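Visitor: Just dropping this structure here.
The values are calculated or read from the model by the stated rules, or taken from the named source; none is laboratory data. These figures come from a predicted structure and were not determined experimentally. Because the Cβ atoms are built from the backbone with ideal geometry, glycine has one as well, and the counts that use them run over all protein chains shown.
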Amino acid sequence: MPGRQSSVKIRRTLMPVLAAALVTPGVALAAATPVQTSSCKAPTNILRTKPVRTMNLPGGAKVTIWDTGNLRRNVDEVRLVAIRIPRGSLIPRAVTSSSLSKAATPQSQAAGDKRAVVVVNGGVFDPSGPAIPKRSQLIDRNVRKGTRATDQGIALYENSRSAEWTLHDMSGSASSPGKGTTGVGAVNWQSLAGTGVSVYTHAWGASSHPAGSRTVVLRSGKVQRLLSGRAGARQPRAGETWLTAGGGEGLNWLKNLRPGDAVSVKTHLAGVLPFVEGRPGIGKPDSLIGVSAGLVRAGVNWASCSSRDETLRPRSGMAWAANGDLIVAAVAGRPTAALGGSSAHQWGEYLQQLGGINAVNFDGGSSVTLLVRKKVGGPLIRLDRDGSSYQRAVPDALTFVAP
């Protein structure tokens, strides 16, 4: 990927993209303007204290752990773990649960790759439903989940061993000889697209998905059968692709299809890398997962200080140092408590203190999990909490693999 720029240049080129993203429906970035820090909880001095532990990992990564230990007030206890990964050293790779609607712990997701030496939980999801991730996913260069609306995530490039924050969207089309073409508005999304057709595949999982009045079932590029109403919400079998629409042009196009018709479906993610000099296109990442928000941008902490964001809770994220090193970090409170850790704005300050000029936020709360292998093939060791602590099932995780 292109080299990094100074924070001044980043600010100059990033602001137009951020301005557009901040008014785009469905993109939950941080505040539209830097907050007044007088209204925010001040960060503690934990990073100015002596670390309680350091260790080296395969590939040159280094772990540093700070921990206040037992204090008089439980809420004041903080444990902060930072892993600095030298630029171009470890291979970034996304791992996921077996389906979009079935969550699994980061430890179980990464267990199959014995060379994964750093593992951290991924993007946000709705815990009240079937655990569908809220944002896009790209696995093995194939769109597993996507939408036409502007979205954000971490694009992972295995050849260059780099990870980049991206603002992106999905484009796509469905066509049939003699029946014309319509747009693809979403793939395995939690709601039907407003225009075009919505695509659902076996990757969705066992839970029912949204369905319009008509659903077309494809196998091997041909229409196999037509479904009406709620029958179209069942799980697609392996090798099947289901097309549905809530109305408009997409529904009219589906009504013209008949069993045996050939149908071609194509999708593609495109976007920009706002943290990289010149804001180049996203190119061809090997994988991509969503993130909670762009937290620190061009050396400015954009995290909100609303009452919700001021709650002390576990948090995880990743920052980019000026020299291109990656910093994967997590903060937590008392080991046995669900809450405690830092506010959103404190978290941004900590990531800056660790050397980040840009940073993104992963899912927080009980989703936070940071694991390492001290040697290739060794056991995964949890660092943000005690190894026996509860580990929440999540839709995806980010790993860094020894070459």
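Visitor: Within the range 95-105, can you find the residues that are part of a strand (DSSP E or B) and in contact with a helix residue (DSSP H, G or I) (Cβ under 8 Å, 6 or more places away or on another chain)? Please lay out each step first, then the result.
Guide: Keep residues of the range 95-105 that are part of a strand (DSSP E or B), which gives 95-96, 99, 102, 104.
Residues satisfying the conditions are VAL95, THR96, SER99.
Visitor: Looking for whichever is in a loop (DSSP other than H, G, I, E, B) and either in contact with a strand residue (DSSP E or B) (Cβ under 9 Å, 6 or more places away or on another chain) or not assigned by TED's automatic domain parsing to the domain that holds ALA238 (or both) here; the options are LEU80, LEU71. Which one fits? Don't jump to the end; show me each part of the working.
Guide: Numbers: LEU80 fails: in a loop (DSSP other than H, G, I, E, B).
It is LEU71.
Visitor: Further question on the same structure: Search the range 106-130 for residues being part of a loop (DSSP other than H, G, I, E, B) and touching a Lys or Arg at 6+ places or on another chain (Cβ under 7 Å), and hand back the single one that is surrounded by the fewest Cβ atoms within 10 Å (Cβ to Cβ). Show your work before the answer.
Guide: From the range 106-130, those part of a loop (DSSP other than H, G, I, E, B) are 111-115, 122-124, 126-130; that's our starting set.
Next cut, touching a Lys or Arg at 6+ places or on another chain (Cβ under 7 Å) only: 123-124, 126.
Details: GLY123: 28, VAL124: 20, ASP126: 12.
If we take residues in the range 106-130 being part of a loop (DSSP other than H, G, I, E, B) and touching a Lys or Arg at 6+ places or on another chain (Cβ under 7 Å), then ASP126 is surrounded by the fewest Cβ atoms within 10 Å (Cβ to Cβ).
Visitor: If you check GLY356, GLY317, which single one turns out to be more than 17 Å from the chain's Cα centre (by Cα) and modelled with pLDDT of 95 or more? Lay out the reasoning, then the answer.
Guide: On the way: GLY317 fails: more than 17 Å from the chain's Cα centre (by Cα).
The match here is GLY356.
Visitor: Kindly indicate the residue of the range 277-296 that is within 20 Å of ALA321 (Cβ to Cβ) and in contact with a strand residue (DSSP E or B) (Cβ under 6 Å, 6 or more places away or on another chain) and also surrounded by the fewest Cβ atoms within 10 Å (Cβ to Cβ) among those meeting that condition.
Guide: Across the range 277-296, the extreme among qualifying residues is ARG279.
Each row is one residue, and each column tells you yes or no for (1) over 24 Å from SER98 (Cα atoms); (2) outside the structural domain of GLU249 (by TED's automatic domain parsing).
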position	(1), (2)
MET170	no, yes
SER173	yes, yes
ASN188	no, no
LEU192	no, no
SER198	no, no
THR201	no, no
GLY205	no, no
SER208	no, no
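Visitor: Another question, if that's okay. Any residue in the range 217-230 that's closer than 13 Å to LEU254 by Cβ and without any contact (Cβ under 8 Å) to a residue 12 or more places away in the chain: show its pairings with residues that are assigned to a strand (DSSP E or B) and of a type in the set (Gly, Ala, Ser) at Cβ separation under 7 Å, as long as the two are six or more apart or on different chains.
Guide: Partner pairs satisfying both residue conditions: none exist.
Visitor: Considering ASN358, ASN323, which residue is crowded, with 24+ Cβ neighbours inside 10 Å and at negative phi? Quick ask: steps written out before the conclusion?
Guide: Details: ASN323 fails: crowded, with 24+ Cβ neighbours inside 10 Å.
Within the list ASN358, ASN323, the selection yields ASN358.
To keep it simple, each residue is scored yes or no on (1) at pLDDT 95 or above; (2) aromatic (Phe, Trp, Tyr); (3) touching a His at 6+ places or on another chain (Cβ under 9 Å).
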| site | (1), (2), (3) |
| --- | --- |
| ASP113 | yes, no, no |
| VAL117 | yes, no, no |
| GLY129 | no, no, no |
| ILE132 | no, no, yes |
| SER162 | yes, no, no |
| LEU167 | yes, no, no |
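Visitor: Right, something else. How many residues are in contact with a Pro (Cβ under 8 Å, 6 or more places away or on another chain) and either of a type outside the set (Asp, Glu) or in a loop (DSSP other than H, G, I, E, B) (or both) when one looks only at the range 346-356? It would help to see each step written out before you state the result.
Guide: Let us first name the residues in the range 346-356 that are in contact with a Pro (Cβ under 8 Å, 6 or more places away or on another chain), namely 346, 349-350, 353.
So of that shortlist, the ones also either of a type outside the set (Asp, Glu) or in a loop (DSSP other than H, G, I, E, B) (or both) come out as 346, 350, 353.
Residues that pass the stated criteria total 3.
Visitor: State yes or no: is VAL331 in contact with a helix residue (DSSP H, G or I) (Cβ under 6 Å, 6 or more places away or on another chain) and not hydroxyl-bearing (Ser, Thr, Tyr)?
Guide: Numbers: in contact with a helix residue (DSSP H, G or I) (Cβ under 6 Å, 6 or more places away or on another chain): no; not hydroxyl-bearing (Ser, Thr, Tyr): yes.
Here the answer is no, as VAL331 does not meet what is asked.
Visitor: Filter the range 29-81 down to the residues that are surrounded by 15 or more Cβ atoms within 10 Å (Cβ to Cβ) and at pLDDT below 80, then identify the one that is farthest from SER292 (Cα to Cα).
Guide: Here the answer is VAL35.
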